[in-house]
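To start, the structure under review is shown below, and the notes come after it.
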Amino acid sequence: MSDIDVSAIDLVSPDLYRDGVPHERFTELRAEGAVHRHRPVEVLPGQGEVTFWSVVRHAEVQAANRDWETFTATESVTVAPSPAERQGHMLVSMDPPDHTRLRRLITAGFTPRMIQRLEEHVTARTERILDDVPADGRCDFVRDIAYLLPMHVIADIVGIPEEDRPWIFERTDITLRALDPASPLTLDDQRNAQIDLFTYAQQLTERKRAEPADDVWTLIAQAEIPTEDGSLTRLEGLELEMFFIILTIAGSETTRNALSQGLMALLERPEAVARLRAEPGLWHTATEEVIRWASPVLFFGRTATRDVELGGRHIAAGDRVVLWYPSANRDERAFEDPFRFDIGREPNPHVSFGGGGPHYCLGANLAKLEVQVLLSTLLRRFDVEATAPAAWAGGGPVHNVGVSIDHLPVALRAR
Ligand code: HEM
């Protein structure tokens, strides 16, 4: 035990996240215990104060993540609960059996077999993106490369026409960035971007109902889901709209961030790059390590449905609980030498895609494919050098993907 004042650590302060995840703070917290009471804080202006339990060790994050009956997602997965009218409308914030019905519907689009078929497609997209880098090789890896691959791949799967993509992904970006108090964007910008996306989702639904195609949005628009009383219902309104936002955000921001942090980790370790070039078979473990290292989702929130013991603390029914994934991914109890970026790490039980349970990331196989294909193709085709320090962005826990690399200037030289 150290003698830090746990109650003095404000994990939701945006200032703590200006240069990435504050790993020193989480390491201090893990040394003190698995679960800590966080003092009352206001996460977003006007939302009111919330107090919560911080779960910072691997075993307890996994246990709480898997026990959906004790730790319900329905009040929201952010730090503070959502307003009542917004609760339970998103896949991420539903519990079984409603969750199971909706999830089954789209799982068809994300099986390992489908992802296998996508491999060719992801490879072709990657080559095209790399063909388009400026002739002098100077570019921003985040904006010019990492942004494009997840955006096009998720848009291909969902069935968003190519010409609409920049417009949509500009708005998904705004919905996240506007929550950062340091951003010039306002909460009004955020609301307007969301309204645009909702309207687009409705139009896309109508289009797919009229002209079905071989894509996930046709599946969703046409699906008839059995309700509890056995009757069939179509997805409408807020559920559809929120689903569209979840798919576009979950499928793009997270993977972009894994790619950027992965490249940065590799550029800082030329010996790892040399090893991967000599032994491409290592990409499998290297990809998992990139995803552990980056841990792009900062946290997921839950609410206790009953009194329960977790990590030696008594959590009361109704208490908010926050699972900190980057902390669990650096837990000395679960990983040998967790602060070493080890491209051969095995086993690697990271919780970047969640700690297991019904909400385990639907896009995990897809995200791994994109990370492996893009980084391996980049390093096969180019020598890469960072030309300026990376710039971070995000307001921390104002939302689940609240800290990411915003710019990573690089020079690419064809090999
Ligand atoms: C490196 C990239 C990614 C990371 C780190 C990541 C992480 C996560 C995490 C932590 C969860 C919540 C797990 C839980 O509550 O137990 C989640 C859920 C989800 N992810 Fe991902 N994700 C990534 C990429 C993707 C991609 C490419 C998609 C594409 C569709 C995607 C779609 C989803 C969806 C739809 C859910 C909600 C599943 C549910 O509630 O049942 N994710 N992801």
Candidate set from region 305-331 (those that are buried (at least 20 other Cβ atoms within 10 Å of the Cβ) and more than 12 Å from residue 61 (Cβ to Cβ)); member that is nearest to the ligand (Cβ to nearest atom):
320
Can you confirm whether region 262-269 contains a residue that is within 15 Å of the ligand (Cβ to nearest atom) and of a type in the set (Lys, Arg)?
no
Determine whether region 375-388 contains at least one residue that is touching a residue at least 40 places away in the same chain (Cβ under 8 Å), farther than 25 Å from residue 278 by Cβ and either more than 16 Å from the ligand (Cβ to nearest atom) or of a type in the set (Lys, Arg) (or both).
yes
Region 93-119, subset within 11 Å of the ligand (Cβ to nearest atom) and of a type in the set (S, T, N, Q), residue modelled with the lowest pLDDT:
107
Can you find a residue in region 274-294 that is under 30 Å from residue 11 (Cα atoms), crowded, with 20+ Cβ neighbours inside 10 Å and among the basic types (Lys, Arg)?
yes
Only one of 229, 214, 180, 173 that is more than 18 Å from residue 91 (Cα to Cα), assigned to a loop (DSSP other than H, G, I, E, B) and within 20 Å of the chain's Cα centre (by Cα):
180
Condition check for residue 251: at pLDDT below 95 and either within 17 Å of residue 372 (Cα to Cα) or surrounded by 21 or more Cβ atoms within 10 Å (Cβ to Cβ) (or both)
yes
Between residues in region 189-213 that are within 17 Å of residue 173 (Cβ to Cβ) and residues that are small (Gly, Ala, Ser), which pairs lie under 8 Å by C-beta distance while being six or more apart or on different chains?
189/178; 190/178; 193/178
Find all pairs meeting these conditions: Cβ atoms under 6 angstrom apart; at least six residues apart or on different chains; first residue within region 140-162 and in contact (Cβ under 8 Å) with a residue 24 or more places away in the chain; second residue assigned to a loop (DSSP other than H, G, I, E, B) and among the aliphatic types (A, V, I, L, M).
141/408; 142/408; 159/213
Would you pick out the residues in region 336-355 that are in contact (Cβ under 8 Å) with a residue 60 or more places away in the chain and more than 7 Å from the ligand (Cβ to nearest atom)?
339, 341, 343, 344, 345, 346, 348, 349, 350, 351
Going by what's in this entry, would residue 12 be described as assigned to a loop (DSSP other than H, G, I, E, B) and either under 20 Å from the mean Cα position of the chain (by Cα) or surrounded by 16 or more Cβ atoms within 10 Å (Cβ to Cβ) (or both)?
yes
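Listed here are the residues, each with its yes/no results for (1) within 12 Å of the ligand (Cβ to nearest atom); (2) free of Cβ contacts under 8 Å to residues at least 40 places away in the same chain; (3) not in a helix (DSSP H, G or I).
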{"residue": "44", "(1), (2), (3)": "no, no, yes"}
{"residue": "47", "(1), (2), (3)": "no, yes, yes"}
{"residue": "62", "(1), (2), (3)": "yes, no, no"}
{"residue": "68", "(1), (2), (3)": "yes, no, yes"}
{"residue": "79", "(1), (2), (3)": "no, no, yes"}
{"residue": "82", "(1), (2), (3)": "no, yes, yes"}
Select from region 184-212 the residues that are among the polar types (S, T, N, Q) and surrounded by fewer than 18 Cβ atoms within 10 Å (Cβ to Cβ) and list them in ascending order.
186, 192, 199, 202, 203
Among (1) among the β-branched types (Val, Ile, Thr); (2) within 16 Å of the ligand (Cβ to nearest atom); (3) under 30 Å from residue 394 (Cβ atoms), residue 225 falls short only on (3)
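The values are calculated or read from the model by the stated rules, or taken from the named source; none is laboratory data. Computed from a prediction, not measured in an experiment: that's the story for all the values here. All Cβ positions, glycine included, derive from the backbone under ideal geometry; neighbour counts span all protein chains shown.
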